[in-house]
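S.K.: Sharing a structure, written as structure tokens. Questions coming.
The values are calculated or read from the model by the stated rules, or taken from the named source; none is laboratory data. These numbers come from a predicted model, not from an experiment. Backbone-built Cβ (ideal geometry, glycine too); neighbour counts: all protein chains shown.
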Amino acid sequence: MIDIDLFGSWNTLKATLPHLITSAQKNKSDGRRSSKAGTGGRIIFISATLGYTGTPLQTHAIVAKAGVDKLAVQVAIELGPRGITSNVIAPGGVTGTEGTDRLIKNGNDSSVVKSVPSGRLGTVKDMADVVVYLFSDAGNYVNGETIVGKLNPWELSQSAV
């Protein structure tokens, strides 16, 4: 998990950083008007909600994702002045994904989604919409943030037992 989640995020950042810096320099935003050329250097990391309340037998995943969360914040602090934004999406339960499918036996079972304010699990489209927002002009000032889904995976695993 640490190799894939944390080191994978670190290696992706290292490989893309020169391109992010170039893009950020070409497409600076002053917050008053849109850049016709693009939105600059943006990076979005994917995390999980496992560690927010703790989840039994998931220490490896929680530690790896905590590292990703802190990596994203450090990138925002260190590279924000150069025009790069760094944010995290921690989606919670998303229908049709391996983790959620493994943890929920009955899909959108009402007992599982009770804790979700919208009354349903997230969808891949919901996550894509968050990405569009963060990459758009509307996300210019969002930096060092984690956008969190509302489903607690521990509650999911309890419903699957």
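S.K.: Quick one: count up the residues across segment 102-130 that are part of a helix (DSSP H, G or I), within 17 Å of T49 (Cβ to Cβ) and either within 19 Å of the chain's Cα centre (by Cα) or modelled with pLDDT of 75 or more (or both).
M.R.: Let us first name the residues in segment 102-130 that are part of a helix (DSSP H, G or I), namely 102-103, 110-113, 124-130.
Those still in the list that are within 17 Å of T49 (Cβ to Cβ) too: 102-103, 112-113, 124, 126-127, 130.
Among the residues that remain, those that are also either within 19 Å of the chain's Cα centre (by Cα) or modelled with pLDDT of 75 or more (or both) are: 124, 126-127, 130.
Of the residues in segment 102-130, 4 are part of a helix (DSSP H, G or I), within 17 Å of T49 (Cβ to Cβ) and either within 19 Å of the chain's Cα centre (by Cα) or modelled with pLDDT of 75 or more (or both).
S.K.: Please verify whether segment 1-23 includes one or more residues that are of a type in the set (S, T, N, Q), surrounded by 11 or more Cβ atoms within 10 Å (Cβ to Cβ), touching a residue at least 40 places away in the same chain (Cβ under 8 Å) and not in a loop (DSSP other than H, G, I, E, B).
M.R.: yes
S.K.: Also: Can you pull out the residues in segment 36-53 that are surrounded by 12 or more Cβ atoms within 10 Å (Cβ to Cβ), in contact (Cβ under 8 Å) with a residue 24 or more places away in the chain and either in contact with an Asp or Glu (Cβ under 9 Å, 6 or more places away or on another chain) or not in a strand (DSSP E or B) (or both)?
M.R.: Scanning segment 36-53 gives T39, G40, F45, I46, S47, A48, T49, L50, Y52.
S.K.: Sticking with this structure for a sec: Out of the residues in segment 20-49 meeting the condition of being among the aliphatic types (A, V, I, L, M) and modelled with pLDDT of 75 or more, tell me which one is farthest from L6 (Cα to Cα).
M.R.: By that ranking, first place goes to A24.
S.K.: Please go through (1) modelled with pLDDT under 95; (2) under 24 Å from A128 (Cβ atoms) for L71 and return the number of the only condition it doesn't satisfy.
M.R.: (1)
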